[in-house]
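See below for the structure under consideration.
The values are calculated or read from the model by the stated rules, or taken from the named source; none is laboratory data. Every value quoted in this text rests on a predicted model; they were computed, and no experiment measured them. In this analysis, Cβ positions are derived from the backbone assuming ideal geometry, glycine residues included, and neighbour counts consider all displayed protein chains.
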């Protein structure tokens, strides 16, 4: 019987592989088994370490203290500020205009400079008005001479009538002539005064003290009293006014304080509420409430000696309505907001935290007045509250240290692999 060689497809798998291929496959299987064993051993070791750390409160455990910054609860008087937005307006805004027509000869100001009331600012060609004044004076002198002559004749007629030398009608006629010349002279004097006034208008002076704006006309141009833009504008900036609107609900308290003669302090702050620009006082309220917004306009006055307020400048206004005596205050950063309202995390003597509901009140800088169960001396969390829950343990650290730990890589020990840094910085 002839032996038949089996086909390659019917040979077992290990028979179909060459010797070299079989050895390579065997080596790969050995390496895979070693890797799986190392992985499971490391996982079991890390789990055991995690369980051990959880019992000892070391990093990685569920009871690891959360680093936080705290501040004590205090008691102080808190001012009740009413905040609004407003616009600075000059006390007086005057457009400088000419009262007579003529050629603008000279300007005596620099754009943007501060000018005093009565200061000469511009001159118009005075020659036409000087000629009118001379003409009026000549007419007055002529009519005055006629009057003096008529008065001399009247005295002569009175003497003759007393001697019965003339008729009464002639005397009456002379008296009427004297009165006529007296009226003419009075009219001439008015013409002289008007000519002097028109001549005076050729010298334009500042009607108020303030900052002058950009000039609208250059010397050499013809100016007219009907010109819409005028020569320039003057804004009186000392003092400066600020107009702002507040909700109508505050109006009764404001009116009560104003009627009692109280001074309501006001402050003007910049757009970001970082720098106080000026301090002043409330002057008055508007005479009607805006029905569209439910607000009423108020006007406050600021000395503006440093000229930090500028016309039409946007400002934030704070109006002092009173003071809350003996208020419980906490840093504003300590007040958290959740589904049930505002609350704070209070730290007890054992390092545990508990959320306490509070009612936010007025704010004074970084402090906020609150109503609730807090007592003076209680410690509230101001930084690090985002991961806290009731009953959690915390470690009180300074804000500087917390910022250092929160920096990238701050909780990774240099040179250590897979090891976390302890809260005090010592790795174990």
| query | Among the residues of the stretch 74-100, which ones are part of a loop (DSSP other than H, G, I, E, B) and in contact with a strand residue (DSSP E or B) (Cβ under 7 Å, 6 or more places away or on another chain)? | reply | 98, 100
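In a strand (DSSP E or B), within 36 Å of the chain's Cα centre (by Cα), touching a residue at least 60 places away in the same chain (Cβ under 8 Å) and in the same structural domain as residue 197 (by TED's automatic domain parsing) - does that describe any residue in the stretch 122-141?
Pass one, the stretch 122-141, residues in a strand (DSSP E or B): 122-124.
Now narrow it down to the ones that are within 36 Å of the chain's Cα centre (by Cα): none.
The answer is no; no qualifying residue exists.
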| field | Subset of the stretch 320-354 (residues that are exposed (fewer than 15 other Cβ atoms within 10 Å of the Cβ) and not in a strand (DSSP E or B)) | value | 339, 340, 348, 349, 350, 351
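Quick check: is even one residue across the stretch 205-216 free of Cβ contacts under 8 Å to residues at least 40 places away in the same chain and closer than 19 Å to residue 81 by Cβ? Working first, answer last.
Residues of the stretch 205-216 that are free of Cβ contacts under 8 Å to residues at least 40 places away in the same chain, as a first pass: 216.
Remaining after also requiring closer than 19 Å to residue 81 by Cβ: none.
Within the stretch 205-216, none of the residues are free of Cβ contacts under 8 Å to residues at least 40 places away in the same chain and closer than 19 Å to residue 81 by Cβ.
Under 24 Å from residue 93 (Cβ atoms), touching a residue at least 24 places away in the same chain (Cβ under 8 Å) and not in a strand (DSSP E or B): which single residue out of 305, 278, 300, 266 fits that description?
Exactly one of 305, 278, 300, 266 is under 24 Å from residue 93 (Cβ atoms), touching a residue at least 24 places away in the same chain (Cβ under 8 Å) and not in a strand (DSSP E or B), namely 305.
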| So which residues in the stretch 213-242 are under 30 Å from residue 300 (Cβ atoms) and either touching a helix residue (DSSP H, G or I) at 6+ places or on another chain (Cβ under 7 Å) or in a loop (DSSP other than H, G, I, E, B) (or both)? | 213, 214, 230
| query | Here is a list of conditions, (1) more than 20 Å from residue 72 (Cα to Cα); (2) under 33 Å from the mean Cα position of the chain (by Cα); (3) at pLDDT below 85, and residue 365 meets all of them except one; can you say which number that is? | reply | (1)
| said: Can you find a residue that is surrounded by fewer than 13 Cβ atoms within 10 Å (Cβ to Cβ), in a strand (DSSP E or B) and more than 16 Å from the chain's Cα centre (by Cα) anywhere in the stretch 249-258? | reply: no
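Could we say that residue 145 is farther than 27 Å from residue 100 by Cβ, modelled with pLDDT of 95 or more and in a helix (DSSP H, G or I) here? It would help to see each step written out before you state the result.
Numbers: farther than 27 Å from residue 100 by Cβ: yes; modelled with pLDDT of 95 or more: yes; in a helix (DSSP H, G or I): yes.
So residue 145 fits the description; yes.
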| field | For residue 357: the one exception among (1) in a strand (DSSP E or B); (2) closer than 26 Å to residue 273 by Cβ | value | (2)
| request: Please indicate, with yes or no, whether at least one residue in the stretch 189-200 is in a strand (DSSP E or B) and either in contact with a helix residue (DSSP H, G or I) (Cβ under 7 Å, 6 or more places away or on another chain) or more than 15 Å from residue 121 (Cα to Cα) (or both). | output: no
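Taking the conditions exactly as written (assigned to a loop (DSSP other than H, G, I, E, B) and in the same structural domain as residue 195 (by TED's automatic domain parsing)), does residue 158 satisfy them or not?
no
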